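Quick one: the structure is below, questions incoming.
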Amino acid sequence: MALALLRRPGTDEILVSNSRDEVAGVDFQRPFGGGVDFGERGEDAARRELVEELGVELGRVRFAGVVENIYTFEGESGHEILLLYEAEFADPALYAREVFAGVEAEPKTGVWRDLSGPDGGLPLHPPGLAEIVAKFG
């Protein structure tokens with residue numbers, strides 16, 4: 001998996017999607033991104049996923065770290081290696097947007113999450129992500 005970590009300039013906010021595990025009845029947030037196709041570089045996957053999920057282009061993208069995540073979602077066990085990329089929007093005007101409407105068949109809404117403030121009780125996935133984001137803050 002490849003995730004794009006988009007931080008709103010001058011803040012501790014990152015762009016996340018709101019998600020839900022229906023089986024566990026738990027809401028959570030996660031940065032946008034997705035699977036890396038065979039033969040595709042992680043950075044290219046992060047760029048492609050942002051176009052597919054939100055219809056936005058990325059400008060500068062740089063490797064930020066790796067997180068291994070062993071989890072249960074929708075009652076099924078999973079194990080993923082996540083490549084994390086610090087990213088910037090190609091269009092700086094997008095940072096002024098408060099909400100991003102998804103464009104996929106099952107769209108996810110994008111919102112800014114303040115890592116220095118209260119999280120509203122929503123866990124941030126994958127675990128360990130906030131520590132990596134803090135390094136490039």
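The values are calculated or read from the model by the stated rules, or taken from the named source; none is laboratory data. Not measured: the values here are computed from a predicted model. Here Cβ is always computed from backbone atoms with ideal geometry, including for glycine, and neighbour counts include all displayed protein chains.
Can you name every residue in the stretch 2-26 that is among the acidic types (Asp, Glu) and more than 17 Å from GLU98 (Cα to Cα)?
Passing the criteria: ASP21, GLU22.
Within the stretch 31-43, does at least one residue satisfy the condition of being within 15 Å of LEU115 (Cβ to Cβ), of a type outside the set (Lys, Arg) and not in a strand (DSSP E or B)?
Taking every residue of the stretch 31-43 in turn, at least one turns out to be within 15 Å of LEU115 (Cβ to Cβ), of a type outside the set (Lys, Arg) and not in a strand (DSSP E or B).
Okay, residues lined up against (1) within 17 Å of ILE132 (Cα to Cα); (2) surrounded by fewer than 17 Cβ atoms within 10 Å (Cβ to Cβ); (3) at pLDDT below 95:
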| position | (1), (2), (3) |
| --- | --- |
| VAL16 | yes, no, no |
| PHE38 | no, yes, no |
| ALA46 | yes, no, no |
| VAL61 | yes, no, no |
| GLY65 | yes, no, yes |
| THR72 | no, yes, yes |
| ALA96 | no, yes, no |
| GLY102 | no, yes, yes |
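Filter the stretch 9-25 for residues that are over 23 Å from GLU104 (Cα atoms), in contact (Cβ under 8 Å) with a residue 60 or more places away in the chain and not acidic (Asp, Glu) and give the result.
Scanning the stretch 9-25 gives PRO9, THR11.
Oh, and also: Among the candidates GLY59, GLY78, which residue alone is farther than 13 Å from ALA2 by Cα and without any contact (Cβ under 8 Å) to a residue 24 or more places away in the chain?
Just one listed residue meets the conditions, GLY78.
Of all strands (runs of 3 or more DSSP E) completely enclosed by the stretch 44-130, which ones contain at least 1 residues that are touching a strand residue (DSSP E or B) at 6+ places or on another chain (Cβ under 9 Å) and basic (Lys, Arg)?
58-73, 110-114
What tally of residues in the stretch 67-95 results from selecting those that are among the aliphatic types (A, V, I, L, M) and out of contact with any helix residue (DSSP H, G or I) (no Cβ under 7 Å at 6 or more places or on another chain)?
Final tally of qualifying residues: 6.
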